[in-house]
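None of the figures in this text is laboratory data; all of them are computed from the coordinates on show. Every value quoted in this text rests on a predicted model; they were computed, and no experiment measured them. Cβ coordinates were reconstructed from backbone atoms using ideal geometry, including for glycine residues, and neighbour counts include every protein chain displayed.
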Amino acid sequence: MTDEKLFSEFPEIFTEKWEEIINKDLKGADYEKKLVWRTEEGFKVRPYYRAEDLKDLDYLKTMPNEFPYTRGTKTHDNHWDIVQEIEISEPKEANSIAVDALKRGATCIAFNASKISNENDLVTLLNNIDLNVYGVQFNHVKNYLDLMKHFVNYVESHNFDKEKIQGSLNFDPLVYRLKHNNFWKSKEDDMHQAIELLEMNGCMKNFKVINVNGIVLHNAGATIVQELAYTLNLANEYMAYCTDQGLKAEKVASRMQLTLSVGSNYFMEIAKLRAARLLWSTMIEQYKPECDCAYKIHINTVASTWNKTLYDPYVNMLRSTTEGMSAVIGGSDSISLQPFDVAYKESDEFSRRISRNVQVILKEEAFMDRVVDPAAGSYYVENLTNSIAENAWKLFQEVEQQGGALESIENGSIRAAIEESCQKRDINIATRRYILLGTNQYPNINETMLDKIEHIKNDDCEGLKTYRGATAFEKLRLETENYAKNNHRPSVYLLKLGNLAMRQARAGFITNFFGCAGYQIIEPAGFATVEEGVKAVSEANPDLIVVCSSDDEYATLGVEAAKQCKSNFPNTPFIVAGNPTECLDTLTEAGTDDFIHVKVNILESLKKYNQLLLK
């Protein structure tokens, strides 16, 4: 080996030189507006980063499995548990599905334990599952103390090694309070259960009895910074309560799990998981634990449902794949991906298998379990990690200064902040600043889903509500489908005139626009004259006419088309594709009813046309 640096013969290029070239290429355009991305979390991301941007990041001097654990707790590989969620609550049927899933690649099962009322039910549920090898998570539990008692008895009676038992109880009374505006019993009773569960846990050091559900915040519309900060606030509430009751910090922290979301913002999600470990260590350090195990938080990730769509559901497979990759690269300890049909039905054998096999492929074919902290040293990811950590820690401190998580839940400030973020995200979807492929952009126009819906989960909680970003668009399109059962499907005629390139571009834009509501698009090749086009429109008898041409030609061809169409079809709305500012008034006087362009709120516009046409 040699210490000689690669490419040492090339001269060093300083940042100032890069900036000089970039500004030259911008030709006077605003650098900030063109190249700097301002995230919905409120911080800026520059167009490029260099080694000099890492010089103040102290955690980069550490190795994996060293404090503050930003680089994770693994040293030999990047192992994670492949979690198979099973929503079926009947113990015998759930067990059958679980045993099959474990044979086919899953390493942990997340059970719906709502019907586990006694030890016999638990025996049925866990039959033929080797708890020394596979993990188990229990969700939807009716009585956590009873279930924990049954589980400990089951482990002892079957002679399992308690130190090898892995998994979790989804015990999180604070998030329950946030969602339901009330505790299950009372604040005192529910919080005291944490003490009892920790005492019952005994030697099962890898079985977590407190699970802080950041995923709930994400699926209600929280930003990455909000999800991370509020999750830490909730965890801190449990830590403070339990240590005040006399438990050691390491006993509480080591039996706690964070369940975080993983969404489609690929690099941000990677950075979020790394920032989560950094901030957890920073928070726990204040409790002065006597064991390093307190700093090694177990992160369970569950893929977002906020971004899953009813229409074009196979796109959800692609979303889950990138989400799985983000979780793996970010160093998640266990990962659950959503079935692609989660938006409209209970999962079946096929959709469960696909969600599981995504992770199997990431392990067995992509070998993503071989490298510890694969994002380490990336200028971009390291700076994102730092930016998320700084902003989340600032918000965490603000909440603590205001009395902590419980106080902020009870005064409604956490809920209000998340709902405000959700509204902003809704506006971004409505204006297509945020793309949900197949829903608000590039829809499969002829796809129908109305008859495939088994059920759509509606969150009837009184507090913070779970939400999907595509819901409003899907409602519009389902209205169109329902109307078309007994009527014709609304049709849009693309009257293409003039410049070939511009009319094709605008025809494509309009097809995507009205396709999001499920309208039929009638697209001829184009016309040499307005008269030919108007004659063709007469034969098609559409519900809407949209002229597609260039801005320059709208002053002539567009005006003439508006006059002739209004003369021949006075009750049919005439629309211009684009925003030709120099002749807007002329076009309006000629009979144009609407202008559709990239700055239009597509959701509000489609609502208007649905109200007009679906009568």
Strictly greater than 17 Å: what percent of every Cα pair in region 38-138 meets that? 66
With a bin width of 5 angstrom, please list the P(r) values of region 450-547 as percents of all Cα-Cα pairs, from the 0 bin to the one holding the largest distance. 2, 11, 18, 17, 14, 11, 9, 7, 5, 3, 2, 1
Is any helix in the chain, taking whole DSSP H runs, at least 24 angstrom long along its axis by alpha carbon and on average at least -1.0 on the Kyte-Doolittle scale, and which ones? 224-244, 266-285, 379-401, 413-430
Alpha-carbon Rg/Rh ratio, for region 58-401, with Rh computed the Kirkwood way: 0.94
Under 5 Å, built H, 5+ apart or other chain: amide partners of ILE109: GLN84, GLY135, VAL136, GLN137
With θ set to phi - 60° and the Karplus curve 6.51 cos²θ - 1.76 cosθ + 1.60, what are the ³J(HN,Hα) couplings of region 37-42 in order, to the nearest whole Hz, using x for Gly and Pro? 8, 9, 6, 5, 7, x
Which number do you get for Rg(Cα) / (2.2 N^0.38 Å) in the chain? 1.12
Charge dipole of region 58-401 about the Cα centre (unit charges at C-beta), most positive-ward option of TYR344, VAL360, ASN153: VAL360
Please report, in cubic angstrom per residue, the volume enclosed by the convex hull of the alpha-carbon atoms of region 420-470. 86
Given charges of +1 on the Cβ of Lys and Arg and -1 on the Cβ of Asp and Glu, with all other atoms neutral, how large is the dipole of region 369-520 about its Cα centre, in debye to the nearest 20? 1240
Based on the Kirkwood radius over alpha-carbon pairs, what value in µm²/s does the Stokes-Einstein equation return for the translational diffusion coefficient of region 355-457 at 10 °C and 1.306 mPa s? 84
For the peptides 373-384, 27-38, 275-286, 217-228, what is the packing order when you average, over each peptide's residues, the other Cβ atoms within 10 Å and list the highest mean first? 217-228, 275-286, 373-384, 27-38
Find the Cα radius of gyration of region 488-613, compare it with 2.2 N^0.38 Å by division, and give the number to two decimals. 0.94
Among MET256, ILE456, TYR266, which residue has its Cα positioned farthest towards the positive end of the charge dipole of the chain, with +1 placed on the Cβ of Lys and Arg, -1 on the Cβ of Asp and Glu, and the dipole taken about the Cα centre? ILE456
When the C-alpha atoms of region 197-253 are aligned to their principal axes, what extent does each axis show, in angstrom, from largest down? 37, 22, 13
Count of lysine pairs, region 218-366, Cα-Cα under 22 Å, sep. 8 or more residues or interchain, comes to 9
The chain - mean residue ellipticity at 222 nm from DSSP helices (-39,500 (n - 2.57) per run, n ≥ 4, rounded to 500): -14000 deg cm²/dmol
Could you rank the peptides 508-517, 184-193, 432-441 by their average count of other C-beta atoms within 10 Å per residue, with the highest value first? 508-517, 432-441, 184-193
Gyration tensor on Cα atoms of region 146-267, a ≥ b ≥ c root eigenvalues, a/c under 1.5 rounded, else prolate if a/b beats b/c, else oblate, says prolate
Does region 496-545 come out rounded, prolate or oblate, given a ≥ b ≥ c as the square roots of the eigenvalues of its C-alpha gyration tensor, rounded meaning a/c under 1.5 and, failing that, prolate meaning a/b above b/c? oblate
About the Cα centre of the chain, how large is the charge dipole given +1 on each Lys and Arg Cβ and -1 on each Asp and Glu Cβ? Please answer in debye to the nearest 20. 620
Given pairs LYS103/LYS179; LYS142/LYS394; LYS74/LYS179; LYS44/LYS424 and cut-off 29 Å on Cα-Cα distance, the over-length ones are LYS103/LYS179; LYS142/LYS394; LYS74/LYS179
Place a +1 charge on the Cβ of each Lys and Arg in region 1-104 and a -1 charge on the Cβ of each Asp and Glu, then give the dipole magnitude about the Cα centre in debye, rounded to the nearest 20. 200
Of all alpha-carbon pairs in region 1-95, indicate the percentage at a distance above 16 angstrom. 79
